[in-house]
1. At 0.36 nm per residue, and after removing the present C-alpha to C-alpha distance, how many nm does the segment from Arg77 to Leu42 gain when stretched out fully?
2. Relative to the present Cα-Cα distance, how much length would full extension add between Ala67 and Ala32 at 0.36 nm per residue of separation?
Amino acid sequence: MARGGGRTTPVALGGSRRPKRSLNGSAPRRLALADHARLQGLPEDFDLPPFTASAKIQAIGNGVPLAMGRAVAAAVRGALSLPSAAAAA
């Protein structure tokens with residue numbers, strides 16, 4: 001999301017290793033800063049004042065969506081409370 005810049009980026013889908021131009025065949029569109037923020041789970045009015053618009057999009061895109069971060073944290077917390085494999089044997 002941060003580095004796409006509205007350009008079509010070849011990706012390999014479905015294990016074929018052949019590049020595809022887009023997921024749905026349509027031309028990509030540039031997302032507004034508010035759209036990037038919303039997709040990452042941030043409020044649409046989220047702002048990073050000292051950065052340019054391009055740097056803001058890159059910073060937001062390099063983040064982890066809040067829901068994903070919470071899910072990973074819960075999984076780690078749950079895994080840490082499990083007995084070790086040696087103790088279970």
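1. On the way: separation 35, 0.36 × 35 = 12.60 nm, distance 2.38 nm.
Between Arg77 and Leu42, full extension yields an extra 10.2 nm.
2. Numbers: separation 35, 0.36 × 35 = 12.60 nm, distance 2.12 nm.
In short, 10.5 nm is gained.
Bear in mind these aren't lab numbers, they're just calculated from the coordinates by the rules spelled out. Bear in mind the structure is a predicted one, so any value in this text is a computation, not a measurement.
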